[in-house]
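The structure appears below as structure tokens.
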Amino acid sequence: MKNKNTIIENAKQTILTESKAIANLVNFLNDDFKNAVNFIYNSKGRVIVTGIGKSANIATKIVATFNSTGTPAIFMHAADAIHGDLGTIQNNDVVICISKSGNTPEIKVLVPLIKNYGNKIIAITGNLESFLGTNANFVLNSFVEKEACRNNLAPTSSTTAQLVIGDALAVCLLELKNFSSKDFAKYHPGGALGKKLYLRVNDLINKNELPKVEPLTPIKDVIIEISKKRLGTTAVIENNKIVGIITDGDLRRMLESNTDISTLIAKDIMSKNPKTINSNEMAVKALKTLEKNNITQILVEDNSVFVGVVHLHDLLKEGIF
């Protein structure tokens with residue numbers, strides 16, 4: 001029990017230490033941050049993000065965030081840069097250099113080379129008086145009072161602070177670019193996230209059958225239609241318009257209350273005014289409608305004409321939930 005409590009306490013202390021470090025970053029925001037954002041926004045080149053050690057790992061994530069939010073970026077490892085990868089940097093590129101101390105040997109070699117090329121340097125460092133801090137064009141302060149580890153050595157709070165500053169840059173640029181959900185979908189076409197942003201109802205119904213009967217259709221034929229189309233439901237159509245819906249549940253309730261079904265027709269058991277959705281709506285909206293109304297199928301129409309059915313299983317298969 002003691003060990004368990006110690007583990008929880010250590011975890012809490014780590015989170016609290018890092019959250020305090022992050023919260024303190026707001027006190028460091030100044031004209032350099034604003035000018036750095038504007039410089040990247042007005043730049044005709046890319047953003048090259050570089051670092052060494054754990055800062056290099058943070059750099060790769062910042063690059064990924066930039067690219068996914070409309071700011072072209074490339075990662076360049078600081079050690080590789082001084083051994084041949086400097087060719088990554090083009091004339092109009094902006095370089096973000098990340099280093100807690102700002103005084104690592106690779107950084108001291110790399111910074112003058114970048115400046116000789118005429119590229120602007122944005123420093124993310126916890127030491128404003130360091131070599132990097134005094135030689136960068138824009139300096140973003142990522143100072144933290146202490147790391148989360150007991151020895152104040154393992155990069156924890158400092159790397160979290162670097163990451164948050166990178167996110168702040170990306171979000172500010174996103175706002176300046178008026179980056180919309182449609183733009184986001186363009187860069188995230190794969191996976192569940194992408195599907196939520198671009199998949200439409202029409203993309204789902206093309207894979208399904210089109211179960212439909214008329215109001216005067218005998219119940220026997222209604223059962224056959226529902227069974228044949230395997231969607232657990234059928235639309236009731238009159239003059240190409242949806243006038244009702246019959247589900248598996250409606251059939252069960254019918255059998256419970258009727259001993260003789262030979263004279264029953266579709267309109268006797270159908271639910272009037274069923275929930276519908278336009279074929280051009282986003283698939284995620286169909287899911288919200290199903291959840292809100294506690295139903296598993298929804299009829300789809302286009303210009304008031306019945307065109308298909310979306311089942312909850314269709315959405316689950318696509319990873320939209």
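Is at least one residue of segment 137-152 β-branched (Val, Ile, Thr) and open to solvent by 30 Å² or more (accessible area, probe 1.4 Å)? Steps first, answer last, please.
Of the residues in segment 137-152, the ones β-branched (Val, Ile, Thr) are 139, 144.
Going one step further and asking which of them are open to solvent by 30 Å² or more (accessible area, probe 1.4 Å), we end up with none.
No, that holds for no residue.
Scanning segment 209-233 for residues that are touching an Asp or Glu at 6+ places or on another chain (Cβ under 7 Å), of a type outside the set (Val, Ile, Thr) and open to solvent by less than 60 Å² (accessible area, probe 1.4 Å) returns Pro211, Pro215, Lys229, Leu231, Gly232. Comparison of Ala36, Ala11, Ala21 shows that the only residue that is closer than 30 Å to Cys149 by Cα, of a type in the set (Gly, Ala, Ser) and either touching a helix residue (DSSP H, G or I) at 6+ places or on another chain (Cβ under 8 Å) or in contact (Cβ under 8 Å) with a residue 24 or more places away in the chain (or both) is Ala21. All of Cys172, Cys97 fail the test of being within 31 Å of the chain's Cα centre (by Cα), surrounded by 15 or more Cβ atoms within 10 Å (Cβ to Cβ) and over 14 Å from Gly51 (Cβ atoms), apart from Cys172.
Report yes if Ile246 is outside any loop (DSSP other than H, G, I, E, B), β-branched (Val, Ile, Thr) and touching a helix residue (DSSP H, G or I) at 6+ places or on another chain (Cβ under 9 Å), otherwise no.
On the way: outside any loop (DSSP other than H, G, I, E, B): yes; β-branched (Val, Ile, Thr): yes; touching a helix residue (DSSP H, G or I) at 6+ places or on another chain (Cβ under 9 Å): yes.
Yes; evaluated as a whole, the condition is true for this residue.
Just one of the numbered conditions (1) open to solvent by 50 Å² or more (accessible area, probe 1.4 Å); (2) modelled with pLDDT of 95 or more is not true of Val63; which one? Condition (1) is where Val63 drops out. Are any residues in segment 56-91 over 23 Å from the mean Cα position of the chain (by Cα), more than 13 Å from Gly45 (Cα to Cα) and either assigned to a helix (DSSP H, G or I) or free of Cβ contacts under 8 Å to residues at least 24 places away in the same chain (or both), and if so, which ones? Residues satisfying the conditions are Ala56, Ala78, Ala79, Asp80, Ala81, His83, Gly84, Asp85, Leu86, Gly87.
Considering only segment 188-207, state which residues are open to solvent by 40 Å² or more (accessible area, probe 1.4 Å) and at pLDDT 80 or above. Across segment 188-207, the qualifying residues are Arg200, Asn202, Asp203, Asn206, Lys207.
The values are calculated or read from the model by the stated rules, or taken from the named source; none is laboratory data. Keep in mind the model is a prediction, meaning the values are calculated, not measured. With ideal geometry, Cβ positions are generated from the backbone for all residues, glycine too; neighbour counts draw on all protein chains shown. The area values use the complete protein model at the heavy-atom level, side chains included, leaving out ligands, DNA and RNA. Shrake-Rupley method; radii C 1.70, N 1.55, O 1.52, S 1.80 Å.
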